[in-house]
Amino acid sequence: MFLICGEALFDLFGEATNDDSIGFDARIGGSPFNVAMGLARLGEDSAFFGGISKDALGERLVQKFRTEGVSDRYILRTNYLTTLSLVQKDEHGSPAYTFYGSNAADRMVTEADLPTFGTPPLFLHIGSYTALVDPIAGALRALIERERARTLVSFDPNIRPTVVSDMALWRQNTEALIPLTDIVKVSDEDLALITPDISIEDTARNWLRSGVALVIVTRGGEGASVFAPGIELTVPGIKVAVEDTVGAGDTFQAALLAGLKELGATNRSALAALDEGQLKRLVEFAVQAAAVTCARRGANLPRKAELEKEWAALK
């Protein structure tokens, strides 16, 4: 099982009108939600842990999880409201977010709410603002510390300045989580925010020295760079007609985790044993999956049938 922890919310895409009104296209989102959905669409056993409101929007979120085949067994239902995210795109289709979520359901999770497992998850993934804002951030750190001896930990910092504008806090939080993490996927844009005076290569190497086994830095249309002990390589991007990039990083993350399982890297020794060829094929697979999402509006992640050739090439 892949346990994906964090937020599920609604993205509101603003549309220009000819009068004083603003039209919105509301879509279910949130980085951890997308990763959980992406894994289920790739045929994996995916579960979500996080706070979901009992309001009407929360009901829609839970129903979407069920429709997509994501287990809702570990979802915490509360009376807090659902977070809303206003999304505006620039001329390149890149999104900017404004969050309305203080004291919302996705943040108000405590250590007392943590799930227990008969069989531990193969992978435990965290990221985005729920890895930073308390009380849920403290709860997730406690969950990692409790489970990391028997599961692999994946982390995507996924910086959201409109939630917390202080980059020093994001930097401190990231550096605190890195020693607890096996796999880090981070965008070059996020690194420019939290480590502006350190090169991507030096940051990745520092993280490897802290105990991380695999660092992947995504570079938008330029592809992604891979860092592991003794291995450094870059996989080029794929040219597509970009509708927008919403959910592209989450697609990459889901494909990365599913690909690791396909390669048998479900424990630390197997993860450390991956060679350069395997890592190259793994990231090529994730890049292809993200390209599919970029060609569609919103976080419409691909299904396994859309990536049959890439699956076959993975091994």
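The values are calculated or read from the model by the stated rules, or taken from the named source; none is laboratory data. Treat the numbers as computed from the prediction; the structure is a model and nothing was measured. Cβ sites come from the backbone with ideal geometry, for glycine too, and all protein chains shown count toward neighbours. With ligands, DNA and RNA removed, areas are computed over all heavy atoms of the protein, side chains included. Shrake-Rupley method; radii C 1.70, N 1.55, O 1.52, S 1.80 Å.
For the reader, a short list of remarks on this structure follows.
- The mean accessible area for residues of the chain, using a 1.4 Å probe and ignoring ligands and nucleic acids, is 42 Å² per residue.
- Packing, taken as the mean count of other beta carbons within 10 Å per residue, orders the peptides 50-61, 112-123 from highest to lowest as 50-61, 112-123.
- Farthest positive-ward along region 159-315 dipole, Cα basis, beta-carbon charges - from 227, 249, 162: 249
- Each label point was placed 7 Å from the Cα along the Cα-to-Cβ direction; for residue 231 and residue 189 their separation is 2.8 nm.
- Relative contact order for region 31-112, counting Cα pairs under 8 Å that sit 6 or more residues apart, in percent: 29
- Using a cut-off of 18 Å between Cα atoms, the listed pairs 280/309; 185/309; 280/315; 261/304; 185/239; 64/261 include 185/309; 185/239; 64/261 as exceeding that distance.
- Relative contact order of region 251-296, taken over Cα pairs closer than 8 Å and 6 or more residues apart, is 58 percent.
- Accessible-area ranking of 108, 37, largest first, probe 1.4 Å: 108, 37
- Each label point was placed 7 Å from the Cα along the Cα-to-Cβ direction; for residue 26 and residue 77 their separation is 1.9 nm.
- Mean projection of the Cα convex hull over all viewing directions, computed for region 49-137: 7.2 nm².
- Given +1 at the Cβ of Lys and Arg, -1 at the Cβ of Asp and Glu and no other charges, the dipole of region 89-166 around its Cα centre is 220 debye to the nearest 20.
- Each peptide among 296-303, 284-291, 63-70 gets the average number of other Cβ atoms lying within 10 Å of its residues, and from highest to lowest they stand as 284-291, 296-303, 63-70.
- Surface share of carbon and sulfur [accessible, 1.4 angstrom probe, percent] for region 1-109: 47
- Based on Cα contacts under 8 Å between residues 6+ apart, the chain shows a relative contact order of 16 percent.
- Rg/Rh for the chain, where both radii come from Cα atoms and Rh is the Kirkwood radius: 0.94
- With all projection directions averaged, the alpha carbon convex hull of region 114-163 covers 3.4 nm².
- Here region 29-101 is treated with +1 on each Lys and Arg Cβ and -1 on each Asp and Glu Cβ, and its dipole about the Cα centre works out to around 240 debye.
- Hull volume in cubic angstrom per residue (convex hull over the Cα atoms of region 139-298): 115
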